[in-house]
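A short worksheet on the structure shown next.
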Amino acid sequence: MSAESRIVLAGAGAGLVAGLLGAVVALVAVEPSISGAIDYESMRSAAEAAVGSGTGGDHHAMLDAGAAHDHGGGEEEVVPRGVQATLGVFLSVGLFGMAMGLLIAVAAYAVLKLLPQLPARRAALVAGSLAFVAGFLVPYAKYPSNPPAIGSHDDLVARTVAYYSMVAISVFAMVIAVVVATRLAKRWSWFSATLAVGAGYLVVVIVAATFLPSVAEIVGAASEIPGPVTDGDEIILDGYPAAVLGGFRLGSLLVATTIFGVATVLLAALVGGRGGDRPVPVAALQAGAGDPVLSR
């Protein structure tokens, strides 16, 4: 089996394990917030319907409408919520982890091509770290994850295009930065080259984040976080729960960190364990003609 095939298979395996661990984290840290967001979405729909029908002051009617929505009075679910919150989490997050493992493996192979003297284990660690920063952390800083009831189906396409535009710009800028750093390092020190391309990368992503629209601009509101539902001066339903939003975003960050971190460490262990941790020769001594050469 070729070196390319081995590193790709190692990346897929590492990513799958990382994805399954990430699914466990998602069940603990994200699913409670999703359930809370769905409950709020149902109550908000009922409250807005009550205001629109002129029954905003009848809180019992609002709650009854929300309960009816929760128990099948609304649109029928294609996949039951119980399946989504269990098997669906493991399937979706597991596949995402495998995809990220493959991405890190390809990035590690590219790093080895650029820097053939670098140990494969170190290349995997570098590739995983850069993939996490460029592929998730920077786009997340501009467009953090949002639970249900933020945004709507009408602006879903626009929000998706904006997010993946940020991802594409960040990843492309990181690739250029790595290539430029390897060339600058031939004339400068690695420290100076890294600082220079790091500053350039930050400039590019900050400019991109400045010009790309915010979620609030996309949905056409003063804020992406829904405010209270009111009927005149009376508040029928409070604004979006801060605990639900904060819990969802923190949980999403923990899941992504788990996936990228575990996939990177496992890939580094696998390529190192297969003889891929190639040390740089540091000495070659020859005592005289016919004497053995000592090297490491």
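The values are calculated or read from the model by the stated rules, or taken from the named source; none is laboratory data. Keep in mind it's a predicted model, so treat the numbers as computed, not measured. In this analysis, Cβ positions are derived from the backbone assuming ideal geometry, glycine residues included, and neighbour counts consider all displayed protein chains. Remember, those area values only see protein heavy atoms, side chains included, never the ligands or the DNA or RNA. Shrake-Rupley method; radii C 1.70, N 1.55, O 1.52, S 1.80 Å.
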Restricting to the stretch 1-40, and then to whatever is modelled with pLDDT of 85 or more and acidic (Asp, Glu), can you tell me which residue is most open to solvent (accessible area, probe 1.4 Å)?
39
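How many of the residues making up the stretch 166-200 are within 19 Å of the chain's Cα centre (by Cα) and of a type in the set (Ser, Thr, Tyr)? Outline the logic, then answer.
Filtering the stretch 166-200 down to residues within 19 Å of the chain's Cα centre (by Cα) leaves 166-175.
Then drop every residue that is not of a type in the set (Ser, Thr, Tyr), which leaves 170.
Counting residues in the stretch 166-200 that are within 19 Å of the chain's Cα centre (by Cα) and of a type in the set (Ser, Thr, Tyr) gives 1.
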Please return the ranges of helices (runs of 4 or more DSSP H) entirely within the stretch 75-169 where 3 or more residues are open to solvent by less than 50 Å² (accessible area, probe 1.4 Å).
87-114, 120-132, 138-142
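Hey, any hits in the stretch 218-228 for a residue that's modelled with pLDDT of 85 or more and of a type outside the set (S, T, N, Q)? Before the answer, list the steps.
Step one: filter the stretch 218-228 for residues modelled with pLDDT of 85 or more, giving 218.
Retained after the next criterion (residues that are of a type outside the set (S, T, N, Q)): 218.
Looking for residues that are modelled with pLDDT of 85 or more and of a type outside the set (S, T, N, Q), one finds at least one in the stretch 218-228, hence yes.
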Considering every residue within the stretch 61-70, establish whether at least one is at pLDDT below 80, touching an Asp or Glu at 6+ places or on another chain (Cβ under 9 Å) and open to solvent by less than 60 Å² (accessible area, probe 1.4 Å).
yes
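Residues are listed down the side, and each one gets a yes or a no for (1) crowded, with 18+ Cβ neighbours inside 10 Å; (2) acidic (Asp, Glu):
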residue	(1), (2)
219	yes, no
227	no, no
231	no, yes
237	yes, no
240	yes, no
247	yes, no
254	no, no
261	no, no
Flagged pairs (Cβ under 6 angstrom, 6 or more apart or on separate chains; first in the stretch 31-54, within 18 Å of residue 248 (Cα to Cα); second in a helix (DSSP H, G or I) and open to solvent by 70 Å² or more (accessible area, probe 1.4 Å)) are 42/69; 42/70
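Here is a list: 107, 134, 141, 177. Which entry is more than 30 Å from residue 30 (Cβ to Cβ) and either touching a Phe, Trp or Tyr at 6+ places or on another chain (Cβ under 8 Å) or of a type in the set (Gly, Ala, Ser) (or both)?
Details: 107 fails: more than 30 Å from residue 30 (Cβ to Cβ); 134 fails: more than 30 Å from residue 30 (Cβ to Cβ); 141 fails: more than 30 Å from residue 30 (Cβ to Cβ).
Only one candidate passes the filter, namely 177.
Regarding the stretch 186-194, can at least one residue be identified that is in contact (Cβ under 8 Å) with a residue 24 or more places away in the chain and in a helix (DSSP H, G or I)? Break it down stepwise before answering.
We begin by selecting, within the stretch 186-194, every residue in contact (Cβ under 8 Å) with a residue 24 or more places away in the chain; these are none.
No, every residue in the stretch 186-194 fails to be in contact (Cβ under 8 Å) with a residue 24 or more places away in the chain and in a helix (DSSP H, G or I).
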